[in-house]
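Please read the structure below before turning to the comments.
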Amino acid sequence: MSQNILIVEDDLTLLKGLEIALHDEGLFFQTASTLQKARVILNYTDIDLLILDVNLPDGDGLNFLTEIRKTHKQMAIIMLTARDLEIDIVTGLELGANDYITKPFSLAVLKARVHNQLRTQFQAESHIYQSRNYYFDFDQSIFQVSNEMIYLSKTEERLLRYLVEHRNSVLQRDQLIDYLWFDSNKEYIEENSLSVVIKRLRNKLGIEHSIKTVYGIGYQWKEK
């Protein structure tokens with residue numbers, strides 16, 4: 001299951017390292033170097049895991065943690081900080097952090113902590129999507145539109161799941177291609193391969209499908 005990660009970190013060197021490490025793991029993420037930008041992303045994107053630095057140029061990460069826990073109760077949060085005193089760690093956990101990593105740290109350790117939080121969240125979630133005339137059970141590969149069964153290829157199913165999991169977020173074409181054909185030689189993926197899969201999926205979902213084209217960027221599963 002692919003999930004949304006937001007990294008809030010003002011150390012650009014560290015941020016780049018985190019981007020490379022998580023990109024290699026096939027995870028989808030966004031970044032912010034300020035709390036202001038992080039608020040904008042959280043308002044418009046469903047985030048599953050937040051990696052949050054404590055010391056940021058426009059505020060304190062612990063105060064931000066308290067703020068966002070009021071509206072994002074299920075989101076997993078890993079705190080990053082140079083503060084390694086026991087009281088700081090305890091404070092972060094008591095305020096609602098799921099994990100706390102002190103700097104400097106190993107990227108391998110961070111990746112393991114990230115996967116642990118995502119795995120825990122994944123096991124706790126339902127893998128059924130139900131909205132309007134749609135019913136999708138991704139575990140059982142059962143897909144219904146207006147109570148009628150539809151049958152999807154593995155590629156169509158992967159695309160649908162990715163769109164639904166990132167619903168209301170605009171996904172870039174390159175991002176979707178990397179996800180669908182991650183184990184293929186991209187040189188042999190035709191330019192219109194994604195467009196063909198999108199068209200087939202739209203036809204199966206019917207005229208009232210929720211896959212919207214964002215011209216010049218990519219696609220979006222738009223809930224009405």
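The values are calculated or read from the model by the stated rules, or taken from the named source; none is laboratory data. All figures in this text were calculated on a predicted structure; none of them were measured in a lab. All Cβ positions, glycine included, derive from the backbone under ideal geometry; neighbour counts span all protein chains shown. What goes into the accessible areas is simple: the full protein's heavy atoms, side chains included, and nothing from ligands, DNA or RNA. Shrake-Rupley method; radii C 1.70, N 1.55, O 1.52, S 1.80 Å.
Of all DSSP beta bridges in the chain, what percent run antiparallel (nearest 5)? Of those bridges, close to 50 percent are antiparallel. Using a 1.4 Å probe on the protein heavy atoms, what percent of the accessible area of the chain belongs to carbon and sulfur? The nonpolar share, carbon plus sulfur, comes to 49 percent.
If I require 15 Å or longer along the helix axis, counting alpha carbons, and a Kyte-Doolittle average no lower than 0.0, what helices from the chain are left? Use full DSSP H segments.
Values: long enough: 12-24 (18 Å, 0.78); 107-124 (26 Å, -0.16); 154-165 (16 Å, -0.82); 193-205 (18 Å, 0.18).
Length and hydropathy pass: 12-24, 193-205.
Helices in the chain, meaning DSSP H runs of at least 4 residues, each add -39500 (n - 2.57). Divided by all residues, the mean residue ellipticity at 222 nm is -12500 deg cm²/dmol.
Charge dipole (Cα centre; +1 on Lys/Arg Cβ, -1 on Asp/Glu Cβ; no other charges) of the chain amounts to roughly 820 debye.
The Cβ shell under 14 Å around L52 holds other residues with a net charge of -4, Lys and Arg each +1, Asp and Glu each -1.
Test of understanding: what is the full-extension gain from H115 to I128, defined as 0.36 nm times their sequence separation minus their Cα-Cα distance?
Values: separation 13, 0.36 × 13 = 4.68 nm, distance 2.15 nm.
Full extension from H115 to I128 adds 2.5 nm.
Of the residues T13, T66, T81, ranked by 1.4 Å probe accessible area with the largest first, the sequence reads T13, T66, T81. Short-range pairs are left out: with C-alpha atoms under 8 Å and at least six residues apart, the relative contact order of the chain is 15 percent.
Could you state the accessible area per residue of the chain in Å², with a 1.4 Å probe and every protein chain left in place?
Values: 12100 Å² over 224 residues.
I get 54 Å² per residue for this part.
Checking the Cα-Cα distances for K73/K103; K70/K199; K70/K154; K70/K111; K70/K103 against a 32 Å cut-off, the pairs over it are K70/K199; K70/K154. Here the chain was treated as a single set of alpha-carbon atoms; its pair distances binned every 10 Å from 0 give 7, 30, 32, 20, 9, 1 percent.
What is the extension gain from N192 to K37, computed as 0.36 nm multiplied by their sequence separation minus the C-alpha to C-alpha distance, in nm to one decimal?
Numbers: separation 155, 0.36 × 155 = 55.80 nm, distance 3.39 nm.
That works out to 52.4 nm of additional length.
With both labels modelled 7 Å from their Cα along Cα-to-Cβ, the D46 to W181 distance reads 2.7 nm.
Between A21 and R202, residue separation times 0.36 nm minus the direct Cα-Cα distance comes to 61.7 nm.
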